[in-house]
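The values are calculated or read from the model by the stated rules, or taken from the named source; none is laboratory data. The structure displayed is predicted, hence computed values, not measured ones. Using ideal geometry, Cβ is built from the backbone for each residue, glycine included, and neighbour counts are taken over all protein chains shown. Note: accessible area is taken over every heavy atom of the protein model, side chains too, but ligands, DNA and RNA are not part of it. Shrake-Rupley method; radii C 1.70, N 1.55, O 1.52, S 1.80 Å.
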Amino acid sequence: MQPRRILLVEDERPIAENIIFALEQERFAVHWVSTGGEAIQLLESALPDFLILDINLPDMTGFDVCRALRKKAETPVLFLSARQEEIDRIVALEIGGDDYLMKPFSLRELSARVKAILRRSDARTTESPAPVTPLVIDDKRSRAEYFGEKLELSKYEYFILCTLAKRPGWVFSRDQLIDHAMGQMSAPFDRTIDAHIKSIRAKLRKIKPEIEAIETHRGFGYSLREYW
Ligand code: CA
């Protein structure tokens, strides 16, 4: 099994070194950075399996890093703080942290918390059932069914719908829809996304007039309905 990758954001070298030593003994792969800026930059390109975030960083707070992370991922976060205020704990959990550890802490305690949080988040991931959707994409045969009925789609429409169906509830911009769909097509792509969406909607409505399957997010783009 691949070791779990932990991103450690901590500006105090001795503390960081102790943490790295303890976690590597537990067979985690730890990557250490000492500023929030470096952390955010790294998160742009790759997501670790876990984040340990010191709250008091030289360039920003650990909360800021967590907020930036939460815009794109649910990766578990453990905050570290030297502060004593109870408010930190509440803020930490409110902005999406999974747990909180006050300095000084024992390394054994830290490892135990990391493992407990990972177990919880693994359980969440495996237990949550796949969302039930009446839209079924048959990749092999390049066709889609909606409430059991075959949809007659153009190639463009099919690929746009496929893109939306990859992440129900996720808002795709017009450019993202074009890029994703174009990746599938050899022919030049008609960039009038709105017209394609309009046509897809009409076909979906013909089958179920009372349901709006594709939602418009004004100024952003479109998403496929997440809950039916
Ligand atoms: Ca610090």
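As a fraction of the 1.4 Å probe accessible area of the chain, surface on carbon and sulfur atoms comes out at 52 percent.
Amide H contacts for Ile211 (H built 1.01 Å from N in the peptide plane; partners 5 or more residues away or on another chain; cut-off under 5 Å): none found. In terms of distances greater than 23 angstrom between alpha carbons, the cross-link table entries Lys140/Lys206; Lys71/Lys203; Lys150/Lys208; Lys140/Lys166 yield Lys140/Lys206; Lys71/Lys203. Highest mean packing comes first when the peptides 198-204, 146-152 are listed by Cβ atoms within 10 Å, giving 198-204, 146-152. For Asp99, the residues 5 or more places off, or on other chains, whose built amide H falls under 5 Å of its own are Val77, Phe79. On a 0 to 90° scale, report how tilted helix 36-45 is relative to the longest principal axis of the chain, with both axes built from alpha carbons and the result rounded to the nearest 10. Helix 36-45 sits at roughly 30 degrees to that axis. Couplings 3J(HN,Hα) for the range 170-177, derived from phi with the Karplus relation 6.51 cos²θ - 1.76 cosθ + 1.60 (θ = phi - 60°), are 8, 8, 9, 6, 4, 4, 5, 5 Hz, where x marks Gly and Pro.
Compared with the dominant principal axis of the Cα atoms in the chain, helix 155-166 is inclined by about 30°.
Between the Cα long axis of helix 13-25 and the first principal axis of the chain there is an angle of about 70°, rounded to the nearest 10. Listed by chain and number, the aspartates and glutamates whose alpha-carbon sits under 18 Å from that of Lys155, ignoring those within fewer than 8 places in the same chain, are Asp138, Asp139, Glu145, Asp175, Asp179, Asp190, Asp194. Note that the chain presents 59 Å² accessible area per residue, ligands and nucleic acids not counted, probe 1.4 Å.
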